[in-house]
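Q: Below is a structure I'd like to ask you about.
The values are calculated or read from the model by the stated rules, or taken from the named source; none is laboratory data. What you see is a predicted model, and the numbers here were worked out from it, not measured in a lab. Neighbour counts are summed over all protein chains in view; Cβ atoms, including those assigned to glycine, are modelled from backbone coordinates with ideal geometry. These accessible areas exclude ligands, DNA and RNA; they are computed on the full protein's heavy atoms, side chains included. Shrake-Rupley method; radii C 1.70, N 1.55, O 1.52, S 1.80 Å.
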Amino acid sequence: EGAGQVWSWRVGAAAGQASSSYIGRDERAYLMQVIFSGDAPRRGAAHALLEAVRSLDEALAPKGLALSCTGPHALEEATHAQARRDIGVHSVMFLPVAALIIHVHLRRLSLMPLPALCAAAAALTSFALELAVARRTAVDQNVPTLMAFLSISLCIDWSFFLLARFREEEESSFGVATHAELVHRALFRTGANVALSGLLIVACLACLALMPAAIASTAVGASLATVCSLLSCLTLLPALLVAFPGLFRRGSSIASSVQEWEALEEVSGGALCCTAGDDGGRPPTCDSSPSSPSAARPSNWLLWANVVTRFPLNLVVLLCAAAAFAATIPELMSYTPCVDDSLGLPPSAQALRAREKVRSDFAGRVPGRSQVYVLLESLECADGMKSVGAFNASCGIARGLLNLDGATGWLRASDLLGVAFYAAAPNASQLTCIPWRTHFDSYEEAGSAMAGNFTPSGHLLLTGTTRFITYFPLGVFAQYHALYQQLWSQLVSADGKAMLLVLQLPWNMISWRGFKLIQELRDLLDGLGGAAVGGGGACGEVVAWEVSAPGVWLDYVTASMDALPWALLAASLVAGVCLSGAFGSAVAAAKLLLTVVLPLAWVYAIAIWYFKREAVHTESSGGDGGLHWMVPCSTSMLLLALALDYNVFFFGRALEFRRQGLADLEAIRWGLATTGPVITSAGLIFALEFSGLLYSEAELSRQAGFVVAVGVLLDTFVVRSCVLPALLSIGARWNWGSVMPPSGKVFEGDEGL
């Protein structure tokens, strides 16, 4: 009778086939489990099921019933939907403010629709190309939303730079150049920097190929969006400007032209270099650049540039930047990424609430538990799992699990399920092994094997027959036999060559606590080895692996975080080669790359510190709080590309002044003075676009928005406005490579350190 109670409880409850396992403890919840097999129809079937559940939930609501879905497929679908909603809604909520900033800088309403037209053309073209890619390979469902966002952001950024240069050329021409010539000048002088910026972004995105496939797959769509945005700004934008001159050129009058001409003569000291017009009505053109930029009225940006590039203030700026970078190193080195899989959804999400209800209502039962499997396979034995070695291996691994450091104190024998062992009581701390014996040599041996622990032979329990069997009451043995056959059918393969050992835990395994257990389990299996596991001759050689969804997440997180530094290093090396070739100076390329590292280190150190404190105060992530691991993996390459983008525009303009004849420091100062307002406005626009994510209900979206917005602001107001000009002023003559100013046009300025 005691044996019957042990086996009824152990095998029946652990197998999870009784109907009571799918009814909540308070009998107010009922669970249906849907299992998808195969990869091809899984996502479509899951999506269809979720849509059906939503419609049925609405129909059942008047009857006082609620229907909801949870599980991996439901959570994945809900997370993707939340990400699309966040990017599509929160990221565009500040676009009116961005349009206002552009209007304040350009001061012409007719130019405002051009960035939107370029973004629409780029988005449609990249979608068409991505559709062709999707017909040949799998594409993540978030990629179209990411492509739309990149198309809007990059087109606004680049078209703003081109239009600002067009307005600058227009104002400096004093009405003596044709509209087409102004467009040509803007495209010729700024288009090269736009093209270089686009090339750098594509190169950085290509380095995502070093990341796991799920992250690397987004690089194709993002690269297509970048290339299409680049082509749209360099072709459609100037074409529209030239095609409709009456709409986009500045209105002029005789009085304003006279005033501009007088101002031009005043600035240039009366020395104008003009060419005569022709009979076709072509107006004369003048070299409107003043003989020295310093003759023009100084601006606040120029005054600031003189401050940060003058010794010893430039050295103080760099020392402060180095000290701030050193302060971030301990925070970065101590970073333990958050792996909570619920951060991609708001706490009120239906899939999350359903999962928590399953865990609470079905606590202690199979549906409310996380499962980890150990797969054992017999390689050479003809009997497969029906052997002494296989049974010894399974029971030995189970006992080894109970002795792991990560399992001490919370893992019980009843949390393990297998055909080669059992726990004698729900709270038992030790397992009892089941021997595999086809026969006993005597009644005494059979009785001794079962004495005290009610452990008959596995062969007897499975087949119901053996030699020299000790007497069992017929009803008790029939129950043993039926329950064991049921368990065997679930845990042993149809060909009998493999079996599963199941570890069932009452808490979420997608956590560092669960990851530690999985890693210790893998170390245990690696240390056993084939022959050592089996320990029973040829038929005892068994190999074992850990198989589980939390194990896949552990590998995914580990592979992503390990590959991220190498991807960033590869992107930096590629960018360095491109910058050296474009500017003809390895020194300048090294300086530009050095100032890219600073905002990355600062922003991630700030984010790690802030979200760690927030998690401690709110206790919202169950002890695994802090910056989620997906945030650096998905935003670091974007921040790297944006920092290079702004550096290229600044240094490209400084190089342009150097070619016109300015001294080393003067070229740097005027480069900052002329690009400062434009890059600051562009940085504000980009930061505003991402700051909308701070209003999301999902913690993961808020973290991504915080990192990008703060990173862009740091790069715009600190690095590009202070650190980069200060660094360029140190050894300034080495910045230009082989670029030499025209003879007789060098203007002396303060020398650098």
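Q: Read phi for every residue in the range 72-78 and hand back ³J(HN,Hα) as whole Hz from Karplus 6.51 cos²θ - 1.76 cosθ + 1.60, θ = phi - 60°, with x for Gly and Pro.
A: Karplus values, whole Hz, x for Gly and Pro: x, 5, 5, 5, 5, 4, 5.
Q: Below 27 Å, Cα to Cα, which lysines can Lys591 reach? Residues fewer than 8 away in the same chain don't count.
A: Within the straight-line cut-off, Lys591 pairs with Lys745.
Q: With the crude spin-label approximation of a point 7 Å out along Cα→Cβ, what separation in nm comes out for Trp734 versus Asp26?
A: Spacing of the two 7 Å Cα→Cβ label points: 7.2 nm.
Q: If the reach is capped at under 21 angstrom between alpha carbons, list the lysines near Lys612, excluding any in the same chain fewer than eight residues apart.
A: Leaving aside lysines fewer than 8 places away in the same chain, those within reach of Lys612 are Lys516.
Q: Any number yet on Rg/Rh for the range 307-406, C-alpha, Kirkwood?
A: 1.35
Q: Here's something else I'd like to know. Any lysines with Cα under 21 Å of the Lys63 Cα? List them, leaving off those in the same chain fewer than 8 positions away.
A: Straight-line reach from Lys63, under 21 Å: Lys357.
Q: Here's a follow-up. For q = 0.17, 0.28, 0.30, 0.34 Å⁻¹, what log10 I(q)/I(0) does the range 71-114 give under the Debye formula with an equal point scatterer on each alpha carbon and no solvent?
A: -0.60, -0.90, -0.95, -1.05
Q: If packing is taken as the mean number of other Cβ atoms within 10 Å per residue, what is the order of 156-167, 600-611, 320-331, highest first?
A: 156-167, 600-611, 320-331
Q: Assuming a ≥ b ≥ c are the square roots of the Cα gyration tensor eigenvalues, decide whether the range 43-139 counts as rounded (a/c under 1.5), prolate (otherwise, with a/b larger than b/c) or oblate.
A: Note, shape of the range 43-139 comes out oblate.
Q: Starting with the highest mean, order 700-712, 335-347 by the number of other Cβ atoms within 10 Å, averaged over the residues of each peptide.
A: Order by mean packing, descending: 700-712, 335-347.
Q: Highest mean first, how do 677-690, 506-519 rank when packing is the count of other Cβ atoms within 10 Å averaged over residues?
A: 677-690, 506-519
Q: Enter the accessible area per residue of the range 81-182 (Å², integer; probe 1.4 Å; all protein chains in place).
A: With all protein chains present, the range 81-182 gives 42 Å² per residue.
Q: Separate question: Ignoring any ligand, DNA or RNA, what whole percent of the accessible area of the range 40-178 comes from carbon and sulfur when the probe is 1.4 angstrom?
A: For the range 40-178, the apolar C and S fraction of the accessible surface comes to 68 percent.
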